[in-house]
Amino acid sequence: MSDDVRRPDAALVALDWGTTTFRAWLLDPEGHVLEQVRTSDGTLRCSEGTDDARERAAAFERTFLRLVGPWLRQHPAAPVLCAGMAGSNHGWAEAGYLDVPADLGDLAGRLTTVATTGRAVHLVPGLRVTGPDPDVMRGEEVQLVGALDAPEPVTTVVLPGTHSKWVRLDGRRVTGFSTAMTGELYGLLMRDSILARLSDGGPGAGSPDGRGSGAFVRGLEVETARGDERGLPALLFTARTLVMAGDLRPDEVADYVSGLLVGAEVRHALRSAGPPDDALGGVAVCGSGSTAPRYRLALERAGVPVRTVDEDAAARGLWRVALDAGLVARTAPPILEDQS
């Protein structure tokens, strides 16, 4: 859209700046989405080639102005709120962490502000588990805020992704969480391992509903039945031997491996935490349309009640944090509706 075209009033520029993806939403005074941007300009790309903090900050500012500059010019009074890896120690500026247990309402009081030539940018802190089993999250905390902005209570939220998060909640208080590198491990296996040479097609091929093919379900079943007996490393090799034996097609390898990995993650997470109390709402799965249905299927097969939360929970969460921080006026409850 041209800068000269008059746009509706905007109250907030909301950013979710992750490792591989940049997402931005222009929100109106009631939290509705006016416009959105999604690119592959993740923090890794911005920080590539430099360890110097000033050079890195300049690279982030250039990318920020290139991607949302038109919004800034059209809406000079709209504040900017950013979550994700832009607030990490290799991002735009370090935004720190809240130690768990932590109330999600406290995020708004710990914002870090970065001054730029285009607009001050407020960075949301991450969450951190300390002690013998340390863990961290950045970006997922605003997804949690958005996921909890619903009438049904929930005690556990799963955020599938490159590094999947399993978060335990008591109301709006995060009592603990753990991370599984399932998505990253899948990517490495299907790009760099011997299994990649066998594979023909990505996960979900031939499965438009996103719940995975029969090969995905087969992977879930194999892991459930033999995971304790053989262990995941041994089960992964069966993706090769089943193809060699003619029992698995090359175009089924990716789904089968996905089933093994997701099955192992879900089984071990449920074993360590115990299935949530049905009366408290079970598990909420908050992720993309390609991954969330797979986790839902794995959980349902384990007898766990599940509800899904759309991936725009990050935008809802950023709006809520902006309200709590006083960056935007409390004129209406946070409701997202795509008006682009």
Check your understanding: Which of (1) more than 30 Å from residue 265 (Cα to Cα); (2) small (Gly, Ala, Ser); (3) open to solvent by less than 40 Å² (accessible area, probe 1.4 Å) does residue 120 not meet, given it meets every other one?
Key -> (3)
Point to revise | Residue among 86, 24 that is open to solvent by less than 40 Å² (accessible area, probe 1.4 Å) and not in a strand (DSSP E or B) | key: 86
Review point. Would you pick out the residues in region 234-258 that are touching a residue at least 24 places away in the same chain (Cβ under 8 Å), part of a helix (DSSP H, G or I) and over 29 Å from the mean Cα position of the chain (by Cα)?
Key: 240, 243, 250
Exercise for review: Among what's in region 180-233 and is within 22 Å of the chain's Cα centre (by Cα) and either farther than 23 Å from residue 267 by Cβ or open to solvent by 80 Å² or more (accessible area, probe 1.4 Å) (or both), pick the residue that is modelled with the lowest pLDDT.
Suggested key: 208
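Yes/no matrix, rows are residues, columns are (1) in contact (Cβ under 8 Å) with a residue 60 or more places away in the chain; (2) over 28 Å from residue 329 (Cβ atoms); (3) over 18 Å from the mean Cα position of the chain (by Cα); (4) surrounded by 15 or more Cβ atoms within 10 Å (Cβ to Cβ):
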site	(1), (2), (3), (4)
40	no, yes, no, no
56	no, yes, yes, yes
65	no, no, yes, yes
68	no, no, yes, yes
73	yes, no, yes, no
80	yes, no, yes, yes
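The values are calculated or read from the model by the stated rules, or taken from the named source; none is laboratory data. Just so it is clear, the structure is predicted and the values come from calculations on it, not from any experiment. Please note: Cβ atoms are built from the backbone with ideal geometry, for glycine as well, and neighbour counts cover all protein chains shown. Side chains are part of the model used for accessible areas, which takes the heavy atoms of the whole protein and leaves out ligands, DNA and RNA. Shrake-Rupley method; radii C 1.70, N 1.55, O 1.52, S 1.80 Å.
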